[in-house]
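Asker: Sharing a structure below in structure tokens format, with a few things to ask.
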Amino acid sequence: MTTQQTAPEQQAPARPPRSPRKKPTLRQRLRKLRVTGRRAAQHAFELLLRSRQIGPVAFLSASAVLGTVLTVTTMFTPCYAVYVDGQKVGLSVADQSTVEAAVATVEARSTRRLGYSYTVDNEITYHFSLALRSELAGEEDFEDLFSTRMDDVAEDLRQYEVSVNGRSVGVIESKTEFNRLLERLKAEYQTEGTTSVEFVDTIELLPTLVDEGEVISIEEMYARLTENTTGETTYEVASGDTFGAIAYRNDMSVAELKKLNPGVNIDRLSVGQKLNVKEQIPLLSVRTTEVVTYNEAVPCPVEKRDNASMYKGTTKIRTQGVEGEARVTAQVTRVNGIEKDRQILSTVNLRSPTTTVMEVGTKEKPKTASTGKYKWPCRGSITSYFGYRKIFGSRSYHSGIDIAGAYGTTVKAADGGKVTFAGYKGNYGYLVIITHDNGTQTYYGHNSSLLVSAGTKVYQGQAIAKMGSTGRSTGNHCHFEVRVGGKAVNPLSYLK
Ligand SMILES: [Zn+2]
């Protein structure tokens, strides 16, 4: 905000320059007066004064005697309620000179602007009253009052104080230019389909007369009306930031943050990148409604069919339907260009979708709990047994049994349990280790590929891998091992 320097006037006494945007308008002050609760107390005093037929000073003395002196003298003060042309204007002054000085200022200023002598000829009368000290009116309030009452001043010689939602924005010279500015603000959000444009906020023009220096240009008014009111609206991505974390810190859902940043790849943020974290809201908001027509995909209806051979919780698409298409006419409401509401006015079917058939498993899912009994992990012939054996003439120890089969044969869990290892491990090649509920572990080695990952619970007979010859192996087989208390035992004693 800039402070405007006004040269001291010869006619009017010098006073500090006033800032047109911070000073509450007369209307605001009057509104405040109306809503202040303490005003009720003041009324009570006034009623008392009238009923007792005594003057305020006498009443104050009486109050002092009654012990209410502290309350009364710190809050209320004797004053004059001002009447203009016999009408109470809702302003009180401590001294009549306040009103007289205001009249002199308005007369001088008007005379200068009009080019002929201007006199405030309203009849001003004063009535004794009581008021809160903080609510006594000042000279400026009366300047406002008399300026707005200048009915005989030609329309285009007047200046106007513009306020938005009761807050003063500034004083402008021409009403015509201001109306043109409003049209320009509306036009910025207009499109071909726009059916209505209106301002969300309440705009008021109050005729006034101020010193030349206090008037702002129409461009300055434009700048003030379009100025963003929500403060800092962007955020610069720092090292380690994620989209989700930024949304959380700004009190938003990821979807909301995404909406403010269309076109941003949320998985690929770069340090220094700017994201919008708040909507920009100008001082004066524009609401538009628009009728739009567009084609929209119509999703396929889904028909579900039970499948008793599939486990519960699993589904399979039997027939994929084809999406349909519809012509939609909708009324879209936007505020400052951002969509706030969408009402569908009509929908014309262009092409009906076809049905997607989905099979839904109904078979009870097997329990992953261990049964304590072990089933053969795969079909095949045993090519090597557990224990000491001779390979190329030397004695060696074999910690499991080898079951040979075709490449890709399904390897199944011997019993329910939890996969505690699934990956490549030295001589074992691709290996799965399942730990069963009683702590017993089963090993399945040399696989060509793995179907489970560590941490997964598996049921007895669940496919866990495909047979292969990875690791230290000479042909496709499954090396199957059973460990009790960490020690390899003969699997043949456990398999049934
Ligand atoms: Zn082996």
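The values are calculated or read from the model by the stated rules, or taken from the named source; none is laboratory data. This structure is a prediction, so every number in the text was calculated from the model and none was measured. Every residue, glycine as well, gets a Cβ built from its backbone with ideal geometry; the counts of neighbours run over all protein chains shown.
Asker: Against the condition closer than 19 Å to Thr368 by Cα, within 16 Å of the ligand (Cβ to nearest atom) and touching a strand residue (DSSP E or B) at 6+ places or on another chain (Cβ under 9 Å), how does Ile433 come out, does it pass?
Answerer: yes
Asker: Restricting attention to the range 269-287, and to residues there that are hydrophobic (A, V, I, L, M, F, W, C) and in a strand (DSSP E or B), which single residue is farthest from the chain's Cα centre (by Cα)?
Answerer: Taking the candidates together, the pick is Val286.
Asker: When you look at Val458, is it within 20 Å of Lys496 (Cβ to Cβ) and more than 15 Å from the ligand (Cβ to nearest atom), yes or no?
Answerer: yes
Asker: Failed condition for Thr176, given (1) under 30 Å from Val335 (Cα atoms); (2) modelled with pLDDT under 90; (3) not in a helix (DSSP H, G or I), with all others met?
Answerer: (3)
Asker: Check whether at least one residue in the range 465-474 is in contact (Cβ under 8 Å) with a residue 60 or more places away in the chain, of a type in the set (A, V, I, L, M, F, W, C) and closer than 21 Å to Tyr385 by Cα, and report yes or no.
Answerer: Within the range 465-474 (the criterion being in contact (Cβ under 8 Å) with a residue 60 or more places away in the chain, of a type in the set (A, V, I, L, M, F, W, C) and closer than 21 Å to Tyr385 by Cα), the answer is yes, since at least one residue qualifies.
Asker: Output the residue which, of all residues in the range 379-430 that are assigned to a strand (DSSP E or B), closer than 20 Å to Pro366 by Cβ and free of Cβ contacts under 8 Å to residues at least 60 places away in the same chain, is farthest from the ligand (Cβ to nearest atom).
Answerer: Lys418
Asker: Moving to a separate point now. Across the range 288-308, what is the total count of residues that are within 29 Å of the chain's Cα centre (by Cα) and among the charged types (D, E, K, R)?
Answerer: So the answer is 2.
Asker: Within the range 461-484, which residues are within 14 Å of the ligand (Cβ to nearest atom) and either under 51 Å from the mean Cα position of the chain (by Cα) or in a loop (DSSP other than H, G, I, E, B) (or both)?
Answerer: Met467, Ser469, Thr470, Gly471, Arg472, Ser473, Thr474, Gly475, Asn476 - these are the residues of the range 461-484 that are within 14 Å of the ligand (Cβ to nearest atom) and either under 51 Å from the mean Cα position of the chain (by Cα) or in a loop (DSSP other than H, G, I, E, B) (or both).
Asker: Within 16 Å of the ligand (Cβ to nearest atom) and free of Cβ contacts under 8 Å to residues at least 60 places away in the same chain, is that true of Arg351?
Answerer: No; evaluated as a whole, the condition is false for this residue.
Asker: Something else now. Would you confirm, using the coordinates I've provided, whether Thr111 is in the same structural domain as Glu135 (by TED's automatic domain parsing) and closer than 13 Å to Ala137 by Cβ?
Answerer: no
Asker: Could you tell me which residue of the range 441-450 is farthest from the ligand (Cβ to nearest atom), considering only residues that are surrounded by 21 or more Cβ atoms within 10 Å (Cβ to Cβ) and hydroxyl-bearing (Ser, Thr, Tyr)?
Answerer: Ranking the candidates gives Thr442 first.
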